[in-house]
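Participant: So that we are looking at the same thing, I have put the structure below in structure tokens.
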Amino acid sequence: MEREGPANLPPNLEWRGEIPGVLRILDQTLLPGRVAYRECRGPEEVSRAILDLAVRGAPAIGLSAAYGAVLIAQHLLKLEVEDFRSRLDRQLTALAAVRPTAVNLGWAVARARRTAGEYGGQGARATATALLRLARTLHREERDTCRALGDAGAELLPRRGAVLTHCNTGYLATGGLGTALAVVYRAHEQGKTIAVYADETRPLWQGLRLTAWELSRFGVPVTVLCDGAAGALLAAGRVDAVIVGADRITRRGDFANKIGTYPLAVLARRHGIPFYVAAPLSTFDPELDDGSAIPIEERDPAEVLSPRGLELAAPQARAWNPAFDLTPADLVTGIITEKGVLTPPLAEAIHSLLPAPPGEGERSMA
Ligand code: MRU
């Protein structure tokens, strides 16, 4: 598949072959030191890759799940099971639960369920083939989505300026140029001079390891800062906008994103700096209104206490390790989507774009 971005970027997700095929996932836990792939031939391997954050970022998790559905189907096809449809259904449910916060995971699984429902009567092979077609289509569509979103956001940036971002929201996190970083990339491609300040993003350093790496490969100047330095940066008036991604956005515009996003929104408001969220429509949850209903993943305390196996904490210390936080809609200046920039009142703007909540038919193949 034709990709976006410079040629020196290795693909982050790739399906090799047809049915049976292999899902190759660029192992983000090893970046920037090593470019290596996890080859997923079965459903457990893709679940493990999502859980380990070998593949991460809401849209990329969604695409991995779409290919994961193909892996489930081809595995069941090989086993020649008689109860193909019920087993597929059960394993899709398990896949959707691997990480709870990014709604793109459930969104992609719902799309796979619907396809499986349509082709179920034609047997396991036809279903697996249809699921692969679906995954490839979603992958292609996401490339266009990221570009459109990037173009919409690039218009908000000055000809010369600086942006603060958090976590990694670039090509590594999506099937295209990214979300928040797509805005920067498109502005850069349009000849604007945009410098990026990237929070290091503790405890797993997506900013330090991933954002800095891919921005450099795109030729965009990047300065990394400790998460706690963001306040000083904004107070010094050194950025024109804060732009972040999202893992789930509710109907009224509350959203969950990487832990540390909420303080940025508060700081941006305090210093009168625009705070934008960049996300595709697949990141909106049409079923939730209030952000407090978004499930927040809590991860292993060891990620905080002994990062990368380095025993830094006092042995008695415990850790609280929520992977995401919630930012209320009233702190958001605008949501940058592939359909344009949504501005307050966000509930109304979102209402005009979102499809009706999915009916029962989408949730189950039965
Ligand atoms: O835990 P991660 O690394 O999957 O968290 C990723 C984020 O929070 C991103 O900001 C979000 O998924 C948007 S990515 C385009």
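The values are calculated or read from the model by the stated rules, or taken from the named source; none is laboratory data. Note that the structure is predicted; figures quoted are calculated from it, not measured. Cβ sites come from the backbone with ideal geometry, for glycine too, and all protein chains shown count toward neighbours. Surface accessibility is based on the protein's heavy atoms, side chains included, excluding ligands, DNA and RNA. Shrake-Rupley method; radii C 1.70, N 1.55, O 1.52, S 1.80 Å.
Participant: Checking the structure you have, find out if any residue of the range 200-215 is among the β-branched types (Val, Ile, Thr) and over 15 Å from Thr169 (Cα atoms). Show your work before the answer.
Facilitator: Filtering the range 200-215 for residues among the β-branched types (Val, Ile, Thr) gives 201, 211.
Filter once more, keeping what is over 15 Å from Thr169 (Cα atoms): none.
No - not one qualifying residue is present in the range 200-215.
Participant: Same structure, new question: If we scan the range 332-343, do we find a residue that is over 20 Å from Gly57 (Cα atoms), open to solvent by less than 40 Å² (accessible area, probe 1.4 Å) and part of a loop (DSSP other than H, G, I, E, B)? Please lay out each step first, then the result.
Facilitator: Filtering the range 332-343 down to residues over 20 Å from Gly57 (Cα atoms) leaves 332-334, 339-343.
Applying the additional criterion that residues be open to solvent by less than 40 Å² (accessible area, probe 1.4 Å) yields 332, 334, 340, 342.
Filter again for part of a loop (DSSP other than H, G, I, E, B), leaving 332.
Yes, there is a match, as at least one residue in the range 332-343 is over 20 Å from Gly57 (Cα atoms), open to solvent by less than 40 Å² (accessible area, probe 1.4 Å) and part of a loop (DSSP other than H, G, I, E, B).
Participant: Inspect all residues belonging to the range 314-330 and state whether any of them is farther than 16 Å from Val103 by Cα, away from the ligand (no atom under 16 Å from the Cβ) and touching a Lys or Arg at 6+ places or on another chain (Cβ under 8 Å).
Facilitator: yes
Participant: Please determine whether any residue of the range 153-167 is surrounded by fewer than 21 Cβ atoms within 10 Å (Cβ to Cβ), under 21 Å from the mean Cα position of the chain (by Cα) and within 30 Å of Val266 (Cβ to Cβ).
Facilitator: yes
Participant: For the range 208-326, give me every one of the strands (runs of 3 or more DSSP E) that falls completely inside it and has 3 or more residues that are buried (at least 19 other Cβ atoms within 10 Å of the Cβ).
Facilitator: Values: elements: 222-225, 241-244, 255-258, 275-278.
Counting at least 3 such residues, we get 241-244, 255-258, 275-278.
Results for (1) free of Cβ contacts under 8 Å to residues at least 60 places away in the same chain; (2) open to solvent by 10 Å² or more (accessible area, probe 1.4 Å); (3) among the polar types (S, T, N, Q); (4) over 18 Å from Arg140 (Cα atoms), shown as yes or no for each residue.
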site	(1), (2), (3), (4)
Pro10	yes, yes, no, no
Glu14	yes, yes, no, no
Glu18	no, yes, no, no
Ile25	yes, no, no, no
Arg34	yes, yes, no, yes
Arg41	yes, yes, no, yes
Ile61	yes, no, no, no
Ile72	yes, no, no, yes
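Participant: Let me ask something additional. Return a yes/no flag: does the range 107-127 have any residue that is closer than 22 Å to Glu44 by Cβ, surrounded by 23 or more Cβ atoms within 10 Å (Cβ to Cβ), within 16 Å of the ligand (Cβ to nearest atom) and aliphatic (A, V, I, L, M).
Facilitator: Yes, that holds for at least one residue.
Participant: For a quick check of your reading of the model, give me the residue pairs whose first member lies in the range 199-223 and is farther than 16 Å from Ala162 by Cβ and within 11 Å of the ligand (Cβ to nearest atom), whose second is part of a helix (DSSP H, G or I) and among the β-branched types (Val, Ile, Thr), with beta-carbon atoms closer than 9 Å and at least 6 apart or on different chains.
Facilitator: If the second residue must be part of a helix (DSSP H, G or I) and among the β-branched types (Val, Ile, Thr), the pairs left are Thr201/Thr211; Pro203/Val304.
Participant: Could you look through the range 172-192, keep only residues that are open to solvent by 10 Å² or more (accessible area, probe 1.4 Å) and not in a loop (DSSP other than H, G, I, E, B), and pick out the one that is nearest to the ligand (Cβ to nearest atom)?
Facilitator: So, considering only residues that are open to solvent by 10 Å² or more (accessible area, probe 1.4 Å) and not in a loop (DSSP other than H, G, I, E, B), the one nearest to the ligand (Cβ to nearest atom) is Arg186.
Participant: Hey, among Ala265, Ala279, Ala323, which residue is within 17 Å of Leu342 (Cβ to Cβ) and within 16 Å of the chain's Cα centre (by Cα)? Step through it out loud before you land on a result.
Facilitator: Numbers: Ala265 fails: within 16 Å of the chain's Cα centre (by Cα); Ala323 fails: within 17 Å of Leu342 (Cβ to Cβ).
Exactly one residue qualifies, and that residue is Ala279.
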